[in-house]
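Q: Got a structure for you, written out below as structure tokens; questions coming shortly.
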Amino acid sequence: MSIQWFPGHMHLTRKAITERIKEIDVVIEMLDARLPGSSANPLLAELTASRPALKVVNKQDMADPLRTALWLAHYNAQPNTRAISLDASETSPARAIIAACHELAPLRGGMVKPMRVLICGIPNVGKSTLINTLKGKRAAKTGDEAGVTRTESRIALADDFYLYDTPGMLWPRIVVPESGYNLAASGAVGKNAYDEQEVALELMDKIKRVYGVELEARYKLGMTPEAIAETKDEDLLEAVGRKRSALTSGGRVDPQKCAEILIGDFRTNAIGRLTLETPEEFAVWLKAGHSA
Ligand code: GDP
């Protein structure tokens, strides 16, 4: 069974974005670097197709740097698109973002035609953190809180540079089952929408193929990466649980506890900087999903 997730109010967000996009020069889409493809919302691409896009691959500090590089190259090869990776709490992401926006919309800027940028992304991807960091930078530089105007959803980063927050909530949209599992593993999908044991098995399947060394270092299973890659997901999950004494009162390994350990360790980076998908894999999933 794949993950079912039907959050409401998407039609309101669709309407609000369609309205707002008319006055926007560049759309920033924030993505989770651990699952860039799955954390994108295809609705956004559809609604903002007419505008240049800046993909901000956020939480790069939590992701596999090699895979982040693959995603940046993938996005940068798309027309009218730039991509940067970021840790939204970094102290100075503003320069890279402002420079990329000017590159994408060279005719905008200056008091007469200020740059108008819309920041979008699914909940928890780091929008507020980035907006706060950007605001803080400006406040620190000018020492003038009044210069940071935040009306309902518009933030003036400079006299000629305005940021707009997503109007409405851009919930994740699960297009293929793999995306559902990756979103659930990352915590982007409500806990009631998925079965943790199922998500943990899928997570183990992705981890064992690429991150056997990290898995061994974390749980000391006494296995080589090759052996890990060849072991069944459920057996690996059980081995992890045994190592961590995830037992029922009867002394058996508790599958639910095993699942919680693996998911929790993934979310806190305890296993290392893991990225669950590459552009190539994601394209394969999409293709299979559309032909199914
Ligand atoms: P929003 O719902 O998109 O506004 O997301 P938030 O800005 O509230 O961020 C959600 C969580 O992710 C918070 O706990 C942030 O501290 C954390 N976070 C945001 N950006 C980053 C990042 O680049 N790296 C890390 N490690 N954590 C981040």
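Q: Is it true that some residue in segment 245-264 is in a helix (DSSP H, G or I), touching a residue at least 24 places away in the same chain (Cβ under 8 Å) and either closer than 30 Å to residue 43 by Cβ or polar (S, T, N, Q) (or both)? Reasoning before the result, please.
A: Within segment 245-264, the subset in a helix (DSSP H, G or I) is 255-264.
The next check asks that each one be touching a residue at least 24 places away in the same chain (Cβ under 8 Å); those that pass are 255-256, 258-260, 262-263.
Those still in the list that are either closer than 30 Å to residue 43 by Cβ or polar (S, T, N, Q) (or both) too: 256, 263.
For segment 245-264, residues in a helix (DSSP H, G or I), touching a residue at least 24 places away in the same chain (Cβ under 8 Å) and either closer than 30 Å to residue 43 by Cβ or polar (S, T, N, Q) (or both): present.
Q: So, one more: For segment 209-227, how many residues are touching a helix residue (DSSP H, G or I) at 6+ places or on another chain (Cβ under 7 Å) and outside any helix (DSSP H, G or I)?
A: Going through segment 209-227 one residue at a time, the tally reaches 3.
Q: On to the next question. What is the residue count in segment 34-54 for residues that are away from the ligand (no atom under 14 Å from the Cβ) and basic (Lys, Arg)?
A: Keep residues of segment 34-54 that are away from the ligand (no atom under 14 Å from the Cβ), which gives 37-38, 42-43, 45-54.
Now drop any that are not basic (Lys, Arg), which leaves 51.
Matching residues across segment 34-54 total 1.
Q: Against the conditions (1) surrounded by 17 or more Cβ atoms within 10 Å (Cβ to Cβ); (2) among the β-branched types (Val, Ile, Thr); (3) within 23 Å of residue 66 (Cα to Cα), where does residue 284 fall short? Just the number, please.
A: The number of the failed condition is (1).
Q: Can you tell me which residue is nearest to residue 179 (Cα to Cα) among those in segment 109-138 that are modelled with pLDDT of 90 or more and more than 12 Å from the ligand (Cβ to nearest atom)?
A: Checked segment 109-138; the qualifying residue nearest to residue 179 (Cα to Cα) is 118.
Q: Here's a follow-up. Tell me which strands (runs of 3 or more DSSP E) are completely within segment 1-110 and hold 1 or more residues being closer than 28 Å to residue 194 by Cβ and charged (D, E, K, R), or say none if there are none. So that I can check it myself, show each step before the final result.
A: Details: elements: 26-32, 53-58, 81-85.
Because the criterion is at least 1 residues that are closer than 28 Å to residue 194 by Cβ and charged (D, E, K, R), the strands (runs of 3 or more DSSP E) in segment 1-110 that meet it are 26-32, 53-58.
Q: Here is a follow-up. Tell me yes or no: at least one residue of segment 139-151 is at pLDDT 50 or above, more than 8 Å from the ligand (Cβ to nearest atom), surrounded by fewer than 14 Cβ atoms within 10 Å (Cβ to Cβ) and in a loop (DSSP other than H, G, I, E, B). Steps first, answer last, please.
A: Taking segment 139-151 first, the residues at pLDDT 50 or above are none.
No; the residues of segment 139-151 include none that is at pLDDT 50 or above, more than 8 Å from the ligand (Cβ to nearest atom), surrounded by fewer than 14 Cβ atoms within 10 Å (Cβ to Cβ) and in a loop (DSSP other than H, G, I, E, B).
Q: All but one of (1) within 16 Å of the ligand (Cβ to nearest atom); (2) within 18 Å of residue 164 (Cα to Cα); (3) of a type in the set (Gly, Ala, Ser) hold for residue 63; which doesn't?
A: Status for residue 63: all satisfied but (2).
Q: Run residue 268 past the list (1) under 24 Å from residue 126 (Cβ atoms); (2) more than 25 Å from the chain's Cα centre (by Cα); (3) not basic (Lys, Arg) and report the number of the one that doesn't hold.
A: (2)
Q: Pairs, please: C-beta under 7 Å, at least 6 apart or cross-chain, first residue near the ligand (Cβ under 6 Å from one of its atoms) and in segment 83-95, second modelled with pLDDT of 75 or more and in a loop (DSSP other than H, G, I, E, B)?
A: 87/59; 88/126
Q: Which of the numbered conditions does residue 168 fail, given that it passes all the others? Conditions: (1) at pLDDT 85 or above; (2) in contact with a Leu (Cβ under 6 Å, 6 or more places away or on another chain).
A: Condition (1) is where residue 168 drops out.
Q: Just for segment 215-248: of the residues that are among the acidic types (Asp, Glu) and in contact with a Leu (Cβ under 7 Å, 6 or more places away or on another chain), which one is farthest from residue 271 (Cα to Cα)? First the steps, then the outcome.
A: First, the residues of segment 215-248 that are among the acidic types (Asp, Glu): 216, 226, 230, 233-235, 238.
Among the residues that remain, those that are also in contact with a Leu (Cβ under 7 Å, 6 or more places away or on another chain) are: 233-234.
Details: 233: 16, 234: 18 Å.
My answer is 234.
Q: If you don't mind, another one. Could you tell me whether segment 90-108 includes any residue that is under 19 Å from the mean Cα position of the chain (by Cα) and hydroxyl-bearing (Ser, Thr, Tyr)?
A: no
The values are calculated or read from the model by the stated rules, or taken from the named source; none is laboratory data. In this text, all values refer to a predicted model and were calculated from it rather than measured experimentally. Ideal geometry is used to build each Cβ from the backbone, glycine not excepted, and the neighbour counts take in all protein chains shown.
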